[in-house]
């Protein structure tokens, strides 16, 4: 899975960093950003929770083909 934060939608509330600080941080501009592009498997559920908790939907998750095959 890959993750990124849409800077235009982010309001910097910090919910994502509170849920998964291994992946998200608040930058010097007061907005969230992903510290990694590729998310380790053990953190994927937390990243999904962070995305679900984002009040503006600024977190974009791209599921890779490998994850889609596991789900099938």
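The values are calculated or read from the model by the stated rules, or taken from the named source; none is laboratory data. Model, not experiment: these values are computed from the prediction. In this analysis, Cβ positions are derived from the backbone assuming ideal geometry, glycine residues included, and neighbour counts consider all displayed protein chains.
Give 63, 33 a once-over and let me know the one that is at pLDDT 95 or above and at negative phi. Step through it out loud before you land on a result.
Numbers: 63 fails: at pLDDT 95 or above.
Being at pLDDT 95 or above and at negative phi holds for just one of 63, 33, which is 33.
When residues of the range 6-21 are filtered for being part of a loop (DSSP other than H, G, I, E, B) and either free of Cβ contacts under 8 Å to residues at least 24 places away in the same chain or more than 15 Å from residue 61 (Cβ to Cβ) (or both), how many remain?
We begin by selecting, within the range 6-21, every residue part of a loop (DSSP other than H, G, I, E, B); these are 6-14, 20-21.
Those left that are additionally either free of Cβ contacts under 8 Å to residues at least 24 places away in the same chain or more than 15 Å from residue 61 (Cβ to Cβ) (or both): 7-8, 11-14, 21.
So the count comes out to 7.
Can you tell me how many residues within the range 48-58 are surrounded by 16 or more Cβ atoms within 10 Å (Cβ to Cβ) and closer than 11 Å to residue 5 by Cβ?
Step one: list which residues in the range 48-58 are surrounded by 16 or more Cβ atoms within 10 Å (Cβ to Cβ), which gives 48, 50-51, 54, 58.
Checking which are closer than 11 Å to residue 5 by Cβ leaves us with 50-51, 54, 58.
Residues meeting the conditions: 4.
Just one of (1) modelled with pLDDT under 95; (2) in contact with a strand residue (DSSP E or B) (Cβ under 7 Å, 6 or more places away or on another chain) trips up residue 51, so point out which.
Result: residue 51 passes all but (1).
Taking only the range 24-45 into account, find how many residues are touching a strand residue (DSSP E or B) at 6+ places or on another chain (Cβ under 8 Å) and not in a loop (DSSP other than H, G, I, E, B).
Number satisfying all stated conditions: 7.
What tally of residues in the range 27-47 results from selecting those that are touching a helix residue (DSSP H, G or I) at 6+ places or on another chain (Cβ under 6 Å) and surrounded by fewer than 17 Cβ atoms within 10 Å (Cβ to Cβ)?
0
Residue under question is residue 3, and the condition is that it be in a strand (DSSP E or B), surrounded by 13 or more Cβ atoms within 10 Å (Cβ to Cβ) and either in contact with a helix residue (DSSP H, G or I) (Cβ under 7 Å, 6 or more places away or on another chain) or touching a residue at least 60 places away in the same chain (Cβ under 8 Å) (or both); does it hold? So that I can check it myself, show each step before the final result.
Working: in a strand (DSSP E or B): yes; surrounded by 13 or more Cβ atoms within 10 Å (Cβ to Cβ): yes; either in contact with a helix residue (DSSP H, G or I) (Cβ under 7 Å, 6 or more places away or on another chain) or touching a residue at least 60 places away in the same chain (Cβ under 8 Å) (or both): yes.
Here the answer is yes, as residue 3 does meet what is asked.
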